[in-house]
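Structure first, commentary second.
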Amino acid sequence: MHLLLRNCQVISPAENINGRFDILIVNGVINRMGVIWQHVREVIQYDLAGKIVVPGFFDMHVHFREPGQEYKEDISTGMLAAAYGGFTGVMTMPNTNPPVDNPDILKSNAQKAAGNIVDMYQ
């Protein structure tokens, strides 16, 4: 599937970009950015005039509460919330009960986070 995002205000400080562009996404990957006039077959178009497009954010301070207090939040729900908020990476705090302070807990948490759209660092 192809997506065409039209009239985006793109801001990327790392790339020194701040301007209005169209973005063509092919199979989930940005293929082209600029003014895209040619017809693209099987494309879903969105007019994003007035909307801002930025690279993903990184949250350096999250409390997923796993292990021990999963009723508050666990890795799965925390990662989902991060993704919905535009975050592509998070750093979890070790103040759980039991604390994340040994290889077994680190490995268990890493396995639970594997394959997620958000990268989790501990």
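The values are calculated or read from the model by the stated rules, or taken from the named source; none is laboratory data. Bear in mind that the values here come from a model prediction, so they are computed numbers and not experimental data. Cβ placement follows ideal geometry from the backbone for every residue including glycine, while neighbour counts extend to all protein chains displayed.
Structure values in brief
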| quantity | calculated |
| --- | --- |
| Failed item in (1) touching a residue at least 40 places away in the same chain (Cβ under 8 Å); (2) surrounded by 14 or more Cβ atoms within 10 Å (Cβ to Cβ), with residue 51 passing the rest | (2) |
| The stretch 24-39: number of residues that are of a type in the set (A, V, I, L, M, F, W, C) and either in contact with a Cys (Cβ under 6 Å, 6 or more places away or on another chain) or not in a strand (DSSP E or B) (or both) | 3 |
| Enumeration of residues in the stretch 1-30 that are crowded, with 17+ Cβ neighbours inside 10 Å and of a type in the set (Asp, Glu) | 22 |
| Breaking point among (1) outside the structural domain of residue 114 (by TED's automatic domain parsing); (2) touching a strand residue (DSSP E or B) at 6+ places or on another chain (Cβ under 8 Å), for residue 16 | (2) |
| Single match in 18, 97 (criterion: without any contact (Cβ under 8 Å) to a residue 40 or more places away in the chain and assigned to a strand (DSSP E or B)) | 18 |
